[in-house]
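Reviewing the structure listed below.
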Amino acid sequence: MATLAHGTPEIAAEEPVNYLNVEHGWKSWLFTTDHKRIAVLYLISITLMFFVGGFMAVLFRINLLEPEGIFSAETYNRLFSMHGIVMVFFFLVPSIPATLANFLIPIMIGAKDLAFPRINLLSWYIYVVGAILTMYAVVRGGVDTGWTFYAPYSSTFSNSYVLAAAFGVFTAGFSSILTGLNFIVTVHKMRAPGMTWSRLPLFVWSNYATGLIQVLGTPVLAIVLLLLAFERIAHVGIFDPNIGGDPILFQHLFWFYSHPAVYIMILPGMGVISEIVSCFSRKRVFGYNFVAFSSMAIAVLSFVVWGHHMFITGESVYTGLAFSFLSFMVAVPSAIKVFNWTATMYKGSVSFDTPMLYAFGFIGLFTIGGLTGLFLATLATDVATHGTYFVVAHFHYVMVGGMVMAFLGGIHFWWPKMTGRMYSEAWSKFAALIVFIGFNLTFFPQFILGYMGMPRRYHAYPPEFQALNVLSSAGASVLGVGYIIPMIYLLWSLKYGPKAGPNPWGAAGLEWQTQSPPTTFNFDETPIVTEEAYNYGPLEEVIG
Amino acid sequence: MAETVIPVGQEPTAEETHLRHHFATPAQQMDAATLGMWTFLITEVLFFGGMFAAYAIYRGMYMDAFASTSEFMNVVLGGTNTAVLICSSLTMALGVRAAQLSNRKQLQLFLVLTMIFGTIFLVIKGFEYHAKWVEHLVPGFNFHYPIPQFERHAQILFFLYFCMTGMHALHMIVGLGLLSYLLIQATRKVFSATYYAPVEMIGLYWHFVDIVWIFLFPLLYLIGHRK
Amino acid sequence: MLANLLPLFADLPLFPPVASKQAGQIDDLYWFLVAVSAIMTAVIFIGVVGFAFKYRRRANAHPTQIEGSTVLELTWSILPFLVMLVMFWWGAELFFQAQNPPKDAMEVFVTGKQWMWKVQYPDGTREIDALHVPVGQPVKLTMASEDVIHSFSIPAFRVRHDVVPGHYDNLWFTPTKPGKYHLFCTEYCGNQHAGMVGWVYAMEPREYTKWASGGGGEGSLADQGEALFQQNGCSTCHLLDQQGRCPMLRGIYNKPVQLADGRTVTADDAYLRESILDPNAKIVSGFEPNIMPNFKGQLSEENVIQLIAYIKSLSPNTPASQQAGGAPPPITPSKGARAASAANAAGGATSGQVKQ
């Protein structure tokens, strides 16, 4: 794919020297500016947070086995709130961008590093500070506002550690902004010669779009949390209805970030799926331009749909109409992607390696997640399902069925590149299957529960809902096992896995041209790109 | 991004341009820094934008109460501060020019002047905050508004006043820290015509913070004087 | 363990009761959405599984490289969008309908408070965490919150609305099937959020009338309001038949009011509520500010509802004070009001037992 330019080889291309073994000791990690090492630091941190959040989910699913609940309401409320906060802000938002994209974007575009390596490291430290603040809130007794921090409950009424948690999220937001800023500048300014915009891998496109949302949306979250914190400290403020403030304004500002934020969470996953489907079908991505364009369309449209979280707050009917319509608009580019992935397999040469299994899972579950989103974009059915388990099921289909599947698929796809080792094929396929089954068992019953009216965030519920809740909790335990198995065989592979070689999947893409694991500066010489992405062979057929 | 390798010899050395290892050319490095700074400033616009949005909404709802607060804002001090900040922007711009011309003495002079103006601004702001405390205009802590019919809604404005000017002042303090860093670096003879990116970037930041004030001043001090 | 669980699945409800006019309409739309989703999922599933199997590597070692197809792209962008337009339109139409309660709707007042629902009927009956409504009669709820945001939800009726502190929220429904249905709070409101539940009893009109005649020993809502009006000294400035220091309230309900700042507003529930709790917010033209004390924190939302009912009763011919067919006919508001004003004129004695 790439021919090498003349230049100065900076590190001898000996197989053993790579970014992992070039230096040793904790200092070489904590003070590194190598995007690949920072990606590894992030990977460790977000995995930890994932299991913290997951553990809370296990606990509250246990609580929901009995209609009257097993723990106290106080405990339950703190569990689901911390689950949401940890999973959204400390796992989903940074999951793919800060790990896989951090590792891969410079390599994919033929650069030595991100544009601002020190800012990249800074973003990790900021993330850690945010995580510590939030964990402090957990240790002191937790926060019970839900991840949405709605005023005036959070500003005036809650007796939990709202300030610590809000400052934790506030802080983590800056880490997200810096990551997005780094990606935008890197994609604009650091591309290797010949790497035109139309040759960018779709993973880069989707992360570029994500970067735009991070940079434009996150500061609004920061300011709204800050205003909330001041209001909590001063016991009066702009969301306080007692002095004529409007608590709905909090929701407007909050969702101005938090709706685009769900696209921060899903867009990178879509990028991963484009890479995987193309590689394991040995085929160019069908309609490259449309897939790339749809990422940008999602980024833009994501900023004008926030009002669909407020259909039943009493906002004007016409506001509701506009937001409903725009929410349907944003469904179109998502649909384009799903159709194009499917079409990519047409006349391909499809293999069923583990990453591809996750991609299948993603396409199926994201389709269901996206379609059930239409129920919530439709005004009348939103009224019937708002605030119920239907919403919970919908966003878990997108966020867990979609994003976590994509994250695991991406980890399995690029693990040989990141570590130079292969993992157990049999175990990984088994785990993918378990995750898929466990996921559906957990969340499908929640659609039914939701339409029957079971509200979210209830620590106790009417007895007729028990059967489906028991099913859901059973599924959660299966899902938990499905997440632990990869931890074991992936860690095992670090020491015992067979050597992977530079390109175990026979994939196209610059990252597969360099050694596994790559050297500190990724390439011995700056590559010159002469071809499209996904060049698995010459074009043979044109439809339509 | 077209050319990758520059012929070594004709151009300043990597040491002179402070070229970091992962950039191919100083021009690429400068481009990246500029784009990065502008992107960061867009983030800042959105950050303040949240508060401006809240201001706009409540001003629409409670116009009279908001207008009545102008009586309690010190327009003279606010106006002085506006002038001080505009001067500081001028000295900052002159500082960037001095760096581009490799004029170290001038650069130091203008950086010091900018910092003096910045400090004057903060001191004046401090006096204003103190006056608000004395006049019982700090919502939540000691608020007693002399015009009873506006007591409730005026609190919203004063809450916004403290949030907006407070965040602005915090940005000024950060700016002063950055300027001190520039001054130290300038004294160490780091900047020259071949390398002045930090001066220019921090200059952009400083101008941004000034511009925020240019919006804050009329919105917070002059609403009532509109009539 | 497993054997213990089996009975759970013996009688497993999978769909909520359909107990209001709205429920049937929303269900139709819901099933349409389910059908579209099922078809789309099937198409994608068949595509993915079909292609994956047909073009598996063992069967098709050599992929055929294809650029893409603009025609196909446009097809699968525009067609789904057209289907979505149907969803949008259909959903919007039902939503519009949900915003406009019929004129003959019976009015019930609901106050959300951590963690209970307080219900007030025009005849003065009060309930907590229970709502009785007659079948076949449109019911309009006017809801307020004392503290945080709550959300009032009756799944069997497919209705839900947030109850946001600081103003009134409304929803309406027409029950169609007698029965006992869940009432939930669906906006997280703190510790006992899950305890903020209750029951809605939809009753045959005759049974409802019987139930309604049983309660309400404190007089009608308007009577309770009048008592408050006296207790709080409102009547010293708001004189009933002439302008005092404060505006006269007779006949103002739902009428335009000229404000001091030149605007004109309608004296509806929202305006009256604001003017009671924060009198300075909108000063009527020709009156001074700062005369009336702030009742924020002095009066509960329930009290405000009572006061508004009283003010309404001073404007006999407004539609909102009419009582609907199935509702209990507690008093004729005009009569009650006149009796009250007579009592007032006679010496300011509090009344409260004007109920017939």
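A short reminder: the numbers here are calculations on the coordinates, not readings from a lab. None of these values were measured; they are calculated from a predicted model. Every residue, glycine as well, gets a Cβ built from its backbone with ideal geometry; the counts of neighbours run over all protein chains shown.
In plain terms, the chain from B:THR194 to B:LEU90 could stretch by 35.2 nm, reckoned as 0.36 nm per residue minus the Cα-Cα distance.
Overall, chain A carries a charge dipole of about 420 debye about its Cα centre when +1 sits on the Cβ of Lys and Arg and -1 on the Cβ of Asp and Glu, all other atoms neutral. Taking only the Cα atoms of region A:285-435, the ratio Rg/Rh comes out at 1.05, with Rh defined as the Kirkwood radius.
Looking at the protein assembly as shown alone, DSSP beta bridges between its own residues are antiparallel in about 70 percent of cases. Inter-chain Cβ neighbour count for B:55-64, averaged per residue, equals 2 (cutoff 10 Å, partner chain atoms only). Helices meeting the span-like rule in chain A (full DSSP H runs, Cα extent of at least 30 Å along the helix axis, mean Kyte-Doolittle score of 0.0 or higher): A:35-63, A:117-140, A:162-189, A:202-234, A:247-281, A:317-345, A:354-377, A:425-452, A:466-496. Bridgeable lysines around C:LYS54 (alpha carbons under 20 Å apart, same-chain partners fewer than 8 residues away excluded): A:LYS283, A:LYS347.
State, to one decimal in nm, how far the label point of C:ARG263 lies from the label point of B:VAL112, with both points 7 Å from Cα in the Cβ direction. Using points 7 Å along Cα→Cβ, the separation is 5.6 nm. Isolated cysteines of the protein assembly as shown, defined as having no other cysteine beta carbon under 4.7 Å away, are A:CYS279, B:CYS87, B:CYS163, C:CYS185, C:CYS189, C:CYS234. Residue exposure proxy: A:TRP512, C:TRP89, ordered by other Cβ atoms within 10 angstrom of their Cβ from fewest to most, comes out as C:TRP89, A:TRP512. Helix C:301-313 and the longest principal axis of the C-alpha atoms of chain C enclose an angle of approximately 60°. Look at the stretch A:383-396: the mean tally of other chain Cβ atoms within 10 Å of its residues' Cβ atoms is 4. Over all other residues within a Cβ to Cβ distance under 14 Å of A:GLU74, the charged ones net out to +2, with Lys and Arg as +1 and Asp and Glu as -1.
Of all lysines in the structure, the ones whose alpha carbon falls short of 24 Å from that of C:LYS282, not counting any fewer than 8 places away in one chain, are B:LYS227, C:LYS255, C:LYS296, C:LYS312. Within region C:36-133, the trypsin sites (Lys or Arg not before Pro) that combine a DSSP coil assignment with at most 10 other C-beta atoms in a 10 angstrom radius are C:ARG58. Projected over all directions and averaged, the alpha-carbon convex hull of region A:32-529 occupies 21.8 nm².
In order along region C:286-295, the Karplus-derived 3J(HN,Hα) couplings, from 6.51 cos²θ - 1.76 cosθ + 1.60 at θ = phi - 60°, round to x, 10, 8, x, 6, 8, 8, x, 6, 9 Hz, and Gly and Pro are given as x.
One equal scatterer on each Cα of the protein assembly as shown, no solvent, Debye formula: the resulting log10 I(q)/I(0) at q = 0.07 Å⁻¹ is -0.73.
Per residue, chain B reaches -25500 deg cm²/dmol at 222 nm when only DSSP H runs of four or more residues are counted, each adding -39500 (n - 2.57). Shielding value for A:281-289 is 5, the average number of Cβ atoms from other chains within 10 Å of each residue's Cβ. With neighbours defined as other Cβ atoms within 10 Å of a residue's Cβ, the residues B:CYS87, C:CYS237, B:CYS163, C:CYS185 order from fewest to most as C:CYS237, B:CYS87, B:CYS163, C:CYS185. Counting every other Cβ atom within 10 Å of each residue's Cβ, B:TYR62, A:TYR397 order from fewest to most as B:TYR62, A:TYR397. In chain C, what % of DSSP beta bridges are antiparallel (nearest 5)? Of those bridges, close to 70 percent are antiparallel. About the centre of its Cα atoms, the protein assembly as shown shows a dipole size close to 660 debye [charges on the beta carbon of Lys, Arg (+1) and Asp, Glu (-1) only; nearest 20 debye].
When chain A is described by a simple charge dipole with +1 on each Lys and Arg Cβ and -1 on each Asp and Glu Cβ, the residue from A:HIS459, A:ILE177, A:SER198 located farthest towards its positive end is A:SER198. Taking the Cα atoms of chain C, the ratio Rg/Rh between the radius of gyration and the Kirkwood radius comes to 1.14. The alpha-carbon of C:LYS103 sits under 18 angstrom from the alpha-carbons of these aspartates and glutamates, leaving out residues fewer than 8 places away in its chain: C:ASP169, C:ASP268, C:ASP269. Remark: region B:30-226 carries a charge dipole of roughly 540 debye about the Cα centre, counting +1 on each Lys and Arg Cβ and -1 on each Asp and Glu Cβ.
For C:ASN100 and A:SER477, a Förster radius of 41 Å and the Cβ-Cβ distance give a FRET efficiency of 0.30, rounded to the nearest 0.05.
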